[in-house]
Structure formats: structure tokens, C-alpha cells
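Comments concern the structure below.
The values are calculated or read from the model by the stated rules, or taken from the named source; none is laboratory data. The shown structure was predicted, so the numbers you read here are calculated from the model rather than taken from an experiment. Neighbour counts run over all protein chains shown; Cβ positions are idealised from the backbone, glycine included. Ligands, DNA and RNA are stripped out before the accessible areas are found, and what is left, the full protein with its side chains, is counted by its heavy atoms. Shrake-Rupley method; radii C 1.70, N 1.55, O 1.52, S 1.80 Å.
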Amino acid sequence: QVQVVESGGGLVQAGGSLRLSCLVSRSIFTINAMAWYRQAPGKQRELVANSISGGSTNYADSVKGRFTISRDNSKNTIYLQMNSLKPEDTAVYSCYARFGAISIWGQGTQVTVSS
């Protein structure tokens with residue numbers, strides 16, 4: 001069974017940066033899609049960034065120009081680089097990976113941005 005485990009969350013001041021990592025338990029060389037979602041307290045889960053293999057990369061308007069999704073096939077890891085963080089970025093961030101018809105979600109990592 002494929003699993004993903006996020007790491008890299010924490011407490012950061014506004015204007016700071018964090019890099020989230022999502023370690024996948026199998027090779028991501030043939031991954032079909034990857035994404036990061038977030039959910040703040042009392043709010044619905046929202047898509048932060050996604051990337052379709054051989055296709056497009058998309059970002060939520062609220063993070064464009066500040067966040068970057070990427071991957072390292074040699075490390076089976078998906079990343080989310082987050083710069084110029086704002087208090088409204090505070091949320092639990094979850095990783096998503098899809099291999100064919102199989103979708104995998106991580107448990108999430110907490111990101112807290114203080115003002």
C-alpha cells in the first residue's frame with residue numbers, strides 16, 4: 001500500500017519561509033498528479049497547488065508568486081516551497097499523489113504563521 005508522509009511544518013513569523021516535504025513510499029517517476037491542499041480551522045479544504053505530469057501546474061490565487069510545488073524523483077519526494085508567508089496561510093497542509101486510479105492522501109502537517 002502506497003503511503004505519503006508530510007514534514008516541514010512549524011511556526012514561522014509573517015514574511016518567513018518554510019519548505020514542506022512529502023515522502024512517497026514508492027517511486028514517483030510515473031506519478032500522474034501531485035498536489036498540496038490546506039485546511040484552516042472552521043474552513044473547507046482548499047487546493048493550494050497541483051501539477052499534472054506532462055501537463056500544467058496550477059496555484060490558488062492567494063499563493064501565486066509565493067508558493068512553488070516541485071518534486072525530486074531521486075528522493076521520491078514532493079515539495080511545497082512557501083515564501084512571504086502570511087498569517088492567513090495558517091492551516092494543516094496535506095499532500096496528495098495519484099498513480100493511475102490510485103489516490104493517496106497524507107495526514108497533514110501544521111503550518112502556523114504569526115503576525
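General observations
- Enumeration of residues in the stretch 57-75 that are open to solvent by less than 60 Å² (accessible area, probe 1.4 Å), of a type in the set (Val, Ile, Thr) and more than 19 Å from SER7 (Cα to Cα): VAL63
- Single residue of ILE52, ILE78 found to be open to solvent by less than 20 Å² (accessible area, probe 1.4 Å) and within 16 Å of the chain's Cα centre (by Cα): ILE78
- Filtered residue count, the stretch 81-95, keeping only those that are within 12 Å of GLN39 (Cα to Cα), open to solvent by 40 Å² or more (accessible area, probe 1.4 Å) and of a type in the set (D, E, K, R): 1
- Among the residues of the stretch 99-115, those identified as part of a strand (DSSP E or B) and either more than 14 Å from GLN3 (Cβ to Cβ) or out of contact with any strand residue (DSSP E or B) (no Cβ under 8 Å at 6 or more places or on another chain) (or both) are PHE99, ILE102, THR109, GLN110, VAL111, THR112, VAL113, SER114.
- Residue under evaluation ARG98, criteria (1) surrounded by 14 or more Cβ atoms within 10 Å (Cβ to Cβ); (2) in contact with a helix residue (DSSP H, G or I) (Cβ under 8 Å, 6 or more places away or on another chain); (3) more than 22 Å from THR112 (Cβ to Cβ), criterion not met: (2)
- Counting only strands (runs of 3 or more DSSP E) that sit wholly inside the stretch 1-81, those with at least 1 residues that are more than 18 Å from VAL111 (Cα to Cα), without any contact (Cβ under 8 Å) to a residue 24 or more places away in the chain and charged (D, E, K, R) are 67-72.
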